[in-house]
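Peer 1: I have a structure here, written as structure tokens, and I will follow up with some questions on it.
Just so it is clear, none of the values below were taken in a lab; they were calculated from the coordinates. None of the values given here were measured: they were computed from a predicted structure. Quick reminder, even Gly has a Cβ in these numbers, built from the backbone with ideal geometry, and neighbours come from all protein chains shown.
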Amino acid sequence: MPNCLSVQLVTSGLSQLAVRHLRTSAICQNVRTRFAPSPTGDLHLGSLRSALYNYLFARSHGGTFVLRIEDTDRSRTVPGATDRLLSTLQTMGLCPDEGPSVGGARGPYVQSERTALYQEHAEQLVASGAAYRCFCSRGRLDLLRRKAVSRAEKPRYDNRCRHLTDDKRRHLLERGVKHVVRLKLEDTAAPFPDLVYGPVAFDVAAQEGDPVLLKADGFPTYHLASVVDDRMMGVTHVLRGVEWQVSTSKHLVLYRAFGWEPPQFAHLPLITNPDGTKLSKRHSDVSVESHLARGFQPEALLNYVCLTGGGFRQLEQTALTDLTHLIEQFDLSRVHTNSCRLDPHRLHHLNQLALRRRFSSPGPRAELFETVRQLVTGRFKDSDHAVSQRVLEDQYVEKVLAWALEEGRVTTLQELVGRDLAYLWAVPGCLPVGRLPAVADPGGALRLTAAELAAWPEEDLTRERLVPLLRAVSERSQVKFGALMRLLRLALSGVEEGPGVAEMIAVLGHAETIQRITSCISQLPAEGTVQSC
């Protein structure tokens, strides 16, 4: 397997960034990275960052990005999760060069289809003495755990079966006693090079018992499967979250036991919630799918995680950068080592930029139109609000989007059909007559307004020109301006609060405005005065 050149660094007089740049600049050719999620739920924002950085690192070095599904923990595997992962990565533009959906020369790329390979390698370790069979029952292990907890100690296996005699092991095997295979943890105190954090040391042998490599059901644990697969798939660089840093010490023991050269390791800093707490898969609002469902664009989410933790030579904090430019600017030596907090305000800003960019391009603009139509029809499908075909046409949808995006009124398309902006698409089927202002002749005032509007060209219906027109209608109809505005607002939207009436009319346009006023007039009582609610 190709590996990176080792580099002797003379650090005297160099800044930390310069040292890290030298350390990460010794990049081999034929770079191969991998993203290896477990199908236990939707894609987490932290996992998206790992997938993205592996993708960017491979692309920036002309290498290969591999997708591997780690589903050996059968108790936690969620049906359908793999298909959702594949679909989400495709939506985000992070398409693998090798993986379950595209194949490749080093497959299969789903671990549950590779169990025979792991069993074979576990047997090799047992034969070499680097691992051993453990026959301890679940009851004994639970007892060890309870005793450790009672002593306020970290639970650990006591390595009892490491010291069984050959005769004892043979006897237990002949009896058919279920067993696992454990790795002998030795020589874990020495530091290993981390391309982000520098030399890192975890003496896990002093803190933990020997870890399980192969479970009693024949399935491997993460440690064995990950190491074997990284080797068999030619992975040269492992970029993963810092929470896996402790496990790297165990994995290096495995590499030595097999006589393999390990890949380069780079651990990415922890991403936290705005309050500094750890992101959790148990909270649906940290999944990529939930963000997409709420209307956040893929490019906004990619920039969001990029701007959290560094890793780029030049990247504007308030601009939207496309994937090609992210590849060009990616620099592993610039990844931060401190934890980084998500900033939801930044995501909303980035999404506004993403929507504006899509709106300015013909193809994506048409997709936005269709998304808006689906949102509108879905939102009002089972309501008493009447939606005219007119508001679903491209011309109207384009006008609404231009207003909403240029004015910065929305950060997601879903907000367009929210309570505050529902009037753009529909009004209640029944006019709230009881809430109309006390006007002597509301029908007359509305007819006069409609007539004046009808006489104006569509292009003249701007906020600036509409205000004088509405004041003139107020004077001619002898209705106070404030009362006329409340009357028109109810006629146009069915609600008593919202944007200014002139702004409403400017967005709704001629046809929709006059149609709504006409509908309102038809529902007015025959009597003259309508008492205010």
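Peer 1: Take every Cα-Cα distance within the stretch 377-500, group them into 5 Å bins from 0 onward, and report for each bin the whole-number percent of pairs it holds.
Peer 2: Reading the bins upward from 0: 2, 9, 17, 21, 21, 16, 10, 3, 0.
Peer 1: In a Debye calculation with equal point scatterers on the alpha-carbon sites of the stretch 206-302 and no solvent, what is log10 I(q)/I(0) at q = 0.21 Å⁻¹?
Peer 2: Listed by q, the Debye log ratios stand at -1.11.
Peer 1: While we're looking at this one, here's another question. As an exercise, use a Förster radius of 45 Å and the Cβ-Cβ distance of Arg313 and Gln207 to find the FRET efficiency, rounded to the nearest 0.05.
Peer 2: Values: r = 38 Å, r/R0 = 0.85.
Calculated transfer efficiency: 0.70.
Peer 1: Mean residue ellipticity at 222 nm from the helices of the chain, using -39,500 (n - 2.57) per DSSP H segment of n ≥ 4 over the full residue count, to the nearest 500 deg cm²/dmol?
Peer 2: Counting only the DSSP helices, I get -14000 deg cm²/dmol.
Peer 1: Does the stretch 54-121 come out rounded, prolate or oblate, given a ≥ b ≥ c as the square roots of the eigenvalues of its C-alpha gyration tensor, rounded meaning a/c under 1.5 and, failing that, prolate meaning a/b above b/c? Could the numbers behind the result be given before it?
Peer 2: On the way: a/c = 2.42, a/b = 1.33, b/c = 1.82.
In terms of gyration-tensor shape, oblate.
Peer 1: Here's a follow-up. Between 0 and 90 degrees, rounded to the nearest ten: what's the tilt of helix 16-25 against the longest Cα principal axis of the chain?
Peer 2: Value to nearest ten degrees: 70.
Peer 1: List the residues, sorted by chain then number, that are 5 or more residues from Val78 or on another chain and whose placed amide H is less than 5 Å from its amide H.
Peer 2: Hits under the 5 Å cutoff: Thr40, Gly41.
Peer 1: What nm value, rounded to one decimal, do you get for the distance between Ala293 and Phe380 when each label is placed 7 Å out toward the C-beta?
Peer 2: 2.5
Peer 1: Give me the Kirkwood hydrodynamic radius of the stretch 285-344, using the inverse of the mean 1/r over all pairs of distinct Cα atoms, in Å to one decimal.
Peer 2: Values: mean 1/r = 0.0809 Å⁻¹.
Evaluated on the stretch 285-344, it is 12.4 Å.
Peer 1: If you average 1/r over every pair of different alpha-carbon atoms in the stretch 29-272 and take one over that average, what Kirkwood value in Å do you get? Intermediate results must be reported in sequence, preceding the final value.
Peer 2: Details: mean 1/r = 0.0520 Å⁻¹.
That comes to 19.2 Å for the stretch 29-272.
Peer 1: Here is a further query. For the chain, take the convex hull of the Cα atoms, compute a quarter of its surface area, and give me that in nm², please. All intermediate terms of the calculation are to be shown ahead of the outcome.
Peer 2: On the way: hull surface 134.1 nm².
Computed as one quarter of the Cα hull surface, the answer is 33.5 nm².
Peer 1: Quick one: Lys381, Lys184, Lys147, fewest Cβ neighbours within 10 Å first, how do they rank? Walk me through the intermediate numbers first.
Peer 2: On the way: Lys381 9, Lys184 17, Lys147 12.
Neighbour counts put them in this order, fewest first: Lys381, Lys147, Lys184.
Peer 1: Turning to a different aspect of this structure: For the stretch 50-95 and the stretch 120-152, write down the distance between their C-alpha centroids in whole Å.
Peer 2: 32
Peer 1: Still on this structure: Return the ratio Rg/(2.2 N^0.38 Å) for the stretch 258-362, where Rg is computed over Cα atoms only.
Peer 2: In units of the globular-protein estimate, the stretch 258-362 measures up at 1.22.
Peer 1: May I pose another question? What percentage of all Cα-Cα pairs in the stretch 361-428 are separated by more than 20 Å?
Peer 2: On the way: 467 of 2278 pairs.
I get 21 percent for the Cα pairs in the stretch 361-428 exceeding 20 Å.
Peer 1: Just to confirm my numbers, what's the Cα centroid distance between the stretch 191-212 and the stretch 438-503 in Å?
Peer 2: 73
Peer 1: Taking the beta-carbon count within 10 Å as an exposure proxy, list Phe265, Phe380 from fewest neighbours to most. Mind showing how you got there, number by number?
Peer 2: Working: Phe265 21, Phe380 16.
The order, fewest Cβ neighbours first, is Phe380, Phe265.
Peer 1: Further question on the same structure: Roughly how tilted is helix 45-60, in degrees to the nearest 10 and between 0 and 90, from the longest Cα axis of the chain?
Peer 2: 70
Peer 1: Starting with the highest mean, order 169-180, 114-125, 48-59 by the number of other Cβ atoms within 10 Å, averaged over the residues of each peptide.
Peer 2: Details: 169-180: 13.1, 114-125: 16.8, 48-59: 24.8.
Ranking the peptides 169-180, 114-125, 48-59 by packing returns 48-59, 114-125, 169-180.
Peer 1: So how long is each side of the stretch 433-523 along the principal axes, counting just the alpha-carbon atoms, biggest first, in Å?
Peer 2: Computed over the stretch 433-523, the largest-to-smallest principal extents equal 34, 24, 22 Å.
Peer 1: Out of all DSSP beta bridges with both ends in the chain, state the antiparallel percent to the nearest 5. Don't skip to the end; give the middle numbers.
Peer 2: Details: 19 of 34 bridges.
Percent antiparallel among DSSP bridges in the chain is about 55.
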